[in-house]
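One structure below.
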Amino acid sequence: MVRGALGVVLAVTVGLAGCKDDAGDGGAGGAGGVPSADMGAGGTGGTPVPMDAAGGQAPPPDMGRTPDTGPASDTGPAPDTGPAPDMGPAPDVGPLDGDQCDPRLRARSTCGVGAFCVHVPGAADHIGRCQSGDDCAPGVAGSCPDGARSYCHVRGAATVCTAPGALGAGEPCVNDLGIPQPCAEGYVCNFSVCVQHCRPSAPDSGCPDEGRCADVSELLGDDQGWCAPRGCNWFSGEGCADGQKCSYAIRNDGTTVGSCTEDHGANQVGAQCQFFPSGGDNCAQGLTCVGPPDQQRFCRILCDTGGYEAPCPAGMVCQELLQTRVGPVRGYGICITNQ
């Protein structure tokens, strides 16, 4: 058994059909770590939302009228603070003459396949503009014929020819402006970290640690994917037998894996949940049981940060709130309400 990030001790059943891991899975078997944020009842993250007796959201309290304090006092002219500091040139984000889009939706923005959404500098978080990609193919030699821009880079639902970067496996690849950066040859950015490129149709993915090849062909074109954790698919349940659920779990060495556990129930988003000694929880497939230690936990939606495999529902965004003994899980998280 392994102690999770917030002190939850749980066991994972190994050797179940489709998910045998010779290295041994330890940890949650459905919540090998828990979010660092309070995931209280009624909300999708952050402070719990009060609920009325009918189960709906309670109305805000009546604060009464704002008292009339009379005209504001004259404080005189504002002091001269001198010229504004030079913030340097505005970042070059490319042309901003495309259709309006919401960059928070990432690969699932309204720009569609072959395009990506760029946030307009200085605008509200939901204001962006669509830009077209180059329709290149990651990992295909000659897909980007310009020698100076020979690397096929993933941006949203598009691929773009650019110079290769120096970022390797597991290194963060999104800058402070939320723009994915090029990885080194053989890797692509999943809107979090650089991961190894792979072909879903190949008999051997070639992924490290016998990882599965996540199929993102729907958004990036024919036969495109990148390496994901080994074991079953915790979004779809693929790789587990009937009567089992694929759970997000932590192996004894701290590695995140998919682990097949007994299907203990199908509680939906926001429902109370619990862990079981044999491993796993009673949330439906694609959900995980999360919450603070020694408090009630609730089912939340698992997602990938870029929205390639498992996008969040409308009005929500994926945040990396899942924790392990060695730090946060990168590239995956839970859906929270857009702020």
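The values are calculated or read from the model by the stated rules, or taken from the named source; none is laboratory data. Remember, it's a predicted structure, so these values are computed and weren't measured experimentally. When we count neighbours, we look across all protein chains shown, and the Cβ atoms used for this are built from the backbone with ideal geometry, even at glycine.
Which one of CYS273, CYS289 is at pLDDT 95 or above and either out of contact with any Leu (no Cβ under 7 Å at 6 or more places or on another chain) or on the phi > 0 side of the Ramachandran plot (or both)? Explain how you work it out, then say what you get.
Working: CYS289 fails: at pLDDT 95 or above.
Going through CYS273, CYS289 in turn, the sole match is CYS273.
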Inset, instruction - Pick out, from the range 123-165, the strands (runs of 3 or more DSSP E) lying fully within it that include 3 or more residues that are under 22 Å from the mean Cα position of the chain (by Cα) and buried (at least 23 other Cβ atoms within 10 Å of the Cβ). - result: 151-155
Legend entry - Residue count, the range 202-228 (criterion: of a type outside the set (A, V, I, L, M, F, W, C) and in contact with a Lys or Arg (Cβ under 7 Å, 6 or more places away or on another chain)): 7
Inset, instruction - Pick out the one residue from SER192, SER217, SER205, SER247 that is hydroxyl-bearing (Ser, Thr, Tyr) and surrounded by fewer than 20 Cβ atoms within 10 Å (Cβ to Cβ). - result: SER217
Legend entry - CYS260 vs. criteria assigned to a strand (DSSP E or B) and surrounded by 24 or more Cβ atoms within 10 Å (Cβ to Cβ): yes
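Table: residues versus (1) touching a helix residue (DSSP H, G or I) at 6+ places or on another chain (Cβ under 9 Å); (2) under 28 Å from THR261 (Cβ atoms); (3) not basic (Lys, Arg).
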| site | (1), (2), (3) |
| --- | --- |
| GLY156 | yes, no, yes |
| TYR187 | no, no, yes |
| VAL195 | no, yes, yes |
| LEU219 | yes, no, yes |
| GLU238 | no, yes, yes |
Inset, instruction - Give the range 216-244 a look and list any residue that's touching a residue at least 40 places away in the same chain (Cβ under 8 Å) and assigned to a strand (DSSP E or B), or say none. - result: GLY231, GLN244
Legend entry - Residue within the range 91-103 that is assigned to a loop (DSSP other than H, G, I, E, B), in contact with a Leu (Cβ under 7 Å, 6 or more places away or on another chain) and surrounded by fewer than 23 Cβ atoms within 10 Å (Cβ to Cβ) present: yes
